[in-house]
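Remarks on the structure that follows.
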Amino acid sequence: MVHTAYDSFELLSNCPKKIEAVASHGTKIFLGCSDGSLLIYVPESSDGDRPYSDQSETQKEPYVLEKTLNGFSKRPIVAMEVSRSRELLLSLSESIAFHRIPNLETIAVITKAKGANLFSWDDRRGFLCFARQKRVCIFRHDGGRGFVEVKEYGVPDIVKSMSWCGENICIGIRREYMILNTTSGSLSEVFPSGRIAPPLVVSLPSGELILGKIRSLRAPYTLVQTVVLRNVHHLIQSNGSLIAAQDNSVYALFPVPIGAQIVQLTASGNFEEALALCKLLPPEDSNLRAARESSIHIRYGHYLFDNESYEEAMEQFFASQVDVTYVLSLYNSIVLPKSLSIPEPEKIADFAWDSSYLSRASSDASDDNDLLSPSQLTESDRNAAIDAKKLSYNGLMALVKYLQKRRYTIIERATAEGTEEIVSDAVANNNISYNLNRSKISSKVRGNVHVGSGSREMATILDTALIQALILTGQLSAALELLKGINYCDVKTCEEFLQQGNYYTALIELYKYNGMHREALNLINKLIQESKSDQLQSENSQTFGPEMIIEYLKLICNTDPMLVLEFSMLVLESCPTQTIELFLSGNIPADLVNSYLKQHAPSMQGRYLELMLAMNENGISGNLQNEMVQIYLSEVLEWYADLVRKQNWDEKAYSPSRKKLLSALESISGYNPEALLKRLPADGLYEERAILLGKMNHHQLALSLYVHKLHVPELALAYCDRVYEAGQRQPHSELYNNIYLTLLQIYINPQRTTKEFEKNIKNLVSPKNVGLQKVGPMKPKGSRVGKKIAEIEGAEEIRFSLSGTDSGRSDGDGDEPIVEETSSIMIDEVLDMLSRRWDRINGAQALNLLPRETKLQNLLPFLEPLLKKTSEAHRNFSVIRSLRYNENLQVKDELYKLRRTVVKISSDSMCSLCNKKIGTSVFAVYPNGKTLVHFVCFRDSQNIRAVVKNSPLRKRG
């Protein structure tokens, strides 16, 4: 790219003498001529009376001759250089001479430089190096009028070019460059200069060197400008310009202002060069530079976008920090939220530059420089050229990357803004007077809510566009991740977009994040129904099942339990176990679930209670247990009524519902047995009635049902076992040990117990008298066997009761037990129970209840193990008694020995604490029998120990 970086201006022409060397100082130009004279030129407009300053720049105007110094040198002046820090003019002719500026009197001449062909001056350190034939000499300025020789080194050939390189010297010899070490004199090769051009070393103001290699320029150094000046022999740097000297003319190359160069480059499409030049703008114009860079980045982005270099275009837009809406306006396929006040894309124009900057810009560049927003371009040009590009995959992918890069800072600002509002609202709420009513409080709180937020609106625009771009480029998983995290997507816009494309999974996540759980669950349910009917058209043909509703409900159990219950009805029948697990894991109150099911899904109420009891037996309350048993009982009663109506009822028939009812009645205890008992029919369901009576501690009635109604002695015996074993875990277990005697009494007096059963059942069911039976005291019989057993058991007068609530006196109780005729006694059941449960029955009481006609041989299976156990226990207790007696004697003997201990107090007996004699004082003896102390000393020592023990310092240690 070629642009105008320097303007050439002819300072002087028709010089009367041939120019051999040139130098400048301030506004003056020194010309060394071939005849050894020195010509001094000054600007035409310069005032001779104005004081001279070396800080002035070369003026862009014709120069006129001010002074001619003939005989300045005897030979032609080969080279000249100005030392601005020392106000010296160095000239090379027959030798190197130093002249004081401005009068140009000679202060020093280095005679050793006679025959030198070139020199280099280090103005910072005051070092001079020159080349003479094959030698390089170094001199140092001593600060006054003299120079001191430092070193002299030999080189392989004549030096053609040289310049200081830090503390070393870069020289051009033959066709190559070398570095001369000024300390050791060693030479190191750099690279060859090429076959055509001689070596050329040019020092830059930054301290760097330019070494000429070939005439053509290659990357990264491209040709910037060609200035047509023929036969230029000398080119030096002056203040603010370059001075080029021909044989009889002098030209100045004035740099074009950087601003004008930027305008040219931008107008011609050389944006990278324009951006590079922006960095050269002066630091005081930082705001102007930032604005200019932003403008160039935007224009460069448009250029790249139009040429389908989308990613590079987005990088330029990102560098410009232009508003996101400006970039989004390039994409017609991206729908922005309509509810937000989105500003029109701003007009990005070049900022005003100084008139001197723009004076150098070409007219076509300045006319073309303003950047127009997309809305300012004609519809036909814009739509025809880029509509297809905007919808392309590459363009949207570039947009995704751009939005993701911008997202972090925008979301961070939006989050910080939201946090500040929350804090400010909390502070405002704390300052509200508590005497105001709720309406005043709410209105005041609402007054502190920020209706709009610039950062959050920008975040909403960005996230809404990013979701669309991700989905349009097939990045559904990335879109889902965005929706699951913190986002500011506009619900309405994204909802319409996702519904049009059937992106239901993303739509569900959108609802979920924004708390629209009802909408999400309705959508899932709709998708499940469509999936069943094969009408679903999803983005990835995903199959939707009821498990999705359950998984979604798990997320909101703690926040919205009523919504969970409402939508759990949709999956309770198809996934009962998972739904119950949802209720349990979600910590939804069981009573709330039960009442909801009872109202909306009564058919599933029992199933819920069943599964809940199976999963968490201890977590179900008594109310729910009673509810479950009532449900089972209702089902059983319907089944019972149906069989009775068909005259097909059998007490031993069991339906699944009846099995559940019996199991529940036996295993759980939280229900109300009295309420259930009233619902039972009088002529059926005796097993259920027996269990309920047992729960009410009416054991005699329950056993009567097993024996007389159900005619299943095994159930009666199992019932006694349960009561007995349960009683063993109670504090007063002896109250439950007589349950077997109650069963024994029922076996012995069947007719009597039947009458009592019918009577007590009527009283029990009656609402006026829900009482408890009592079994009266039974005296032991007068038979010899009974008395013998009574002696064995140690029971002279035995009275028993079934329990505190189920023992009572029968109608015919007296001094002797009433025993029915032997023919009606269930003697086989009696003997079987006595032989199987002899270790749990009080033998004396059992024998007292037996009829006198009972043969002793029939009782052998009962009496033999009983007597054996009793005798063994008697022997064991006798041994224990003897051992305890001997132990008592040993303790007494030891006590007597201790009481016989004698302590002798003599005149020499000393107190172990105070080391004084005991004398006739009250004393104490330690348990070892040897240590004697005064009683007073002993008491004081005990008090001191108590104080130390309770001291806070001791506790702290």
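Filtered by the rule that a residue be within 17 Å of Leu867 (Cβ to Cβ), open to solvent by less than 30 Å² (accessible area, probe 1.4 Å) and not in a loop (DSSP other than H, G, I, E, B), segment 829-842 gives a lone residue, Leu834. Based on what the data block shows, is Glu189 in a strand (DSSP E or B), within 18 Å of Ile96 (Cβ to Cβ) and open to solvent by 20 Å² or more (accessible area, probe 1.4 Å)? When the stated conditions are applied, Glu189 does not pass them.
Considering only residues in segment 670-683 that are part of a helix (DSSP H, G or I) and open to solvent by 20 Å² or more (accessible area, probe 1.4 Å), the one that is nearest to Gly694 (Cα to Cα) turns out to be Pro673.
Residues checked against (1) open to solvent by 60 Å² or more (accessible area, probe 1.4 Å); (2) among the charged types (D, E, K, R); (3) more than 28 Å from Glu66 (Cα to Cα):
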position	(1), (2), (3)
Asn103	yes, no, no
Ile107	no, no, no
Gly115	no, no, yes
His141	no, no, yes
Arg145	yes, yes, no
Asn168	no, no, yes
Glu176	no, yes, yes
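For the condition at pLDDT 90 or above, crowded, with 16+ Cβ neighbours inside 10 Å and of a type in the set (Val, Ile, Thr), Val933 qualifies.
Test Ile348 against the stated conditions and say whether it is at pLDDT 85 or above and part of a loop (DSSP other than H, G, I, E, B). For Ile348, the condition - at pLDDT 85 or above and part of a loop (DSSP other than H, G, I, E, B) - is not met. For residues that are in contact with a strand residue (DSSP E or B) (Cβ under 8 Å, 6 or more places away or on another chain) and either among the aliphatic types (A, V, I, L, M) or surrounded by 11 or more Cβ atoms within 10 Å (Cβ to Cβ) (or both), tally how many sit in segment 906-930. Total meeting the criteria: 15.
Within the set Gln647, Gln599, the sole residue that is in a loop (DSSP other than H, G, I, E, B), open to solvent by 50 Å² or more (accessible area, probe 1.4 Å) and not β-branched (Val, Ile, Thr) turns out to be Gln647.
Within the option set Gln845, Gln890, being buried (at least 18 other Cβ atoms within 10 Å of the Cβ), assigned to a helix (DSSP H, G or I) and at pLDDT 70 or above holds for one residue only, Gln845. Contact map, segment 900-912: residues that are without any contact (Cβ under 8 Å) to a residue 60 or more places away in the chain paired with residues that are open to solvent by 90 Å² or more (accessible area, probe 1.4 Å) and part of a loop (DSSP other than H, G, I, E, B), Cβ distance under 8 Å, separation 6+ or inter-chain. Pairs shown: Met910/Lys916.
Pairing residues of segment 508-521 that are closer than 13 Å to Leu553 by Cα with residues that are at pLDDT 90 or above and open to solvent by 40 Å² or more (accessible area, probe 1.4 Å), at Cβ distances under 7 Å and at least 6 apart in sequence or on separate chains, gives Ala520/Lys512. Considering each residue of segment 142-176, count those that are under 60 Å from the mean Cα position of the chain (by Cα) and more than 19 Å from Asp123 (Cβ to Cβ), and give that number. Going through segment 142-176 one residue at a time, the tally reaches 0. Regarding Ser203, is this residue surrounded by 15 or more Cβ atoms within 10 Å (Cβ to Cβ), touching a Lys or Arg at 6+ places or on another chain (Cβ under 7 Å) and at pLDDT below 75? The answer is no for Ser203.
When Ser667, Ser663, Ser621 are checked against the criterion of being within 26 Å of Asp591 (Cα to Cα), surrounded by fewer than 17 Cβ atoms within 10 Å (Cβ to Cβ), out of contact with any Gly (no Cβ under 9 Å at 6 or more places or on another chain) and at pLDDT below 80, a single residue qualifies: Ser667. At least 1 residues being farther than 30 Å from Arg132 by Cα is the threshold, and among the strands (runs of 3 or more DSSP E) wholly inside segment 1-115 those reaching it are 6-12, 28-33, 38-43, 63-69. Pairs only if they're at least six apart or on different chains, beta carbon under 7 angstrom, first in segment 305-323 and buried (at least 16 other Cβ atoms within 10 Å of the Cβ), second assigned to a loop (DSSP other than H, G, I, E, B) and not small (Gly, Ala, Ser); list them, first residue then second. If the second residue must be assigned to a loop (DSSP other than H, G, I, E, B) and not small (Gly, Ala, Ser), the pairs left are Phe305/Leu330; Val322/Ile348; Asp323/Glu346. For segment 812-842, residues that are of a type in the set (A, V, I, L, M) and either modelled with pLDDT under 75 or closer than 14 Å to Asn749 by Cα (or both) total 6. Tell me, please, whether a residue that is in contact with a Lys or Arg (Cβ under 6 Å, 6 or more places away or on another chain) and crowded, with 21+ Cβ neighbours inside 10 Å can be found in segment 192-199. Yes: segment 192-199 contains one or more residues that are in contact with a Lys or Arg (Cβ under 6 Å, 6 or more places away or on another chain) and crowded, with 21+ Cβ neighbours inside 10 Å. In this structure, is Gly301 of a type in the set (Gly, Ala, Ser) and modelled with pLDDT under 85? For Gly301, the condition - of a type in the set (Gly, Ala, Ser) and modelled with pLDDT under 85 - is not met. Ala97 falls short on exactly one of the conditions (1) under 28 Å from Met162 (Cβ atoms); (2) modelled with pLDDT under 90, and that condition is (2).
The values are calculated or read from the model by the stated rules, or taken from the named source; none is laboratory data. Nothing here was measured: the structure is a model prediction, and the numbers come from that model. FYI the Cβ positions are ideal-geometry reconstructions off the backbone, even for glycines, and counts take in every protein chain you see. Protein only, heavy atoms only, side chains kept; ligands, DNA and RNA dropped before computing areas. Shrake-Rupley method; radii C 1.70, N 1.55, O 1.52, S 1.80 Å.
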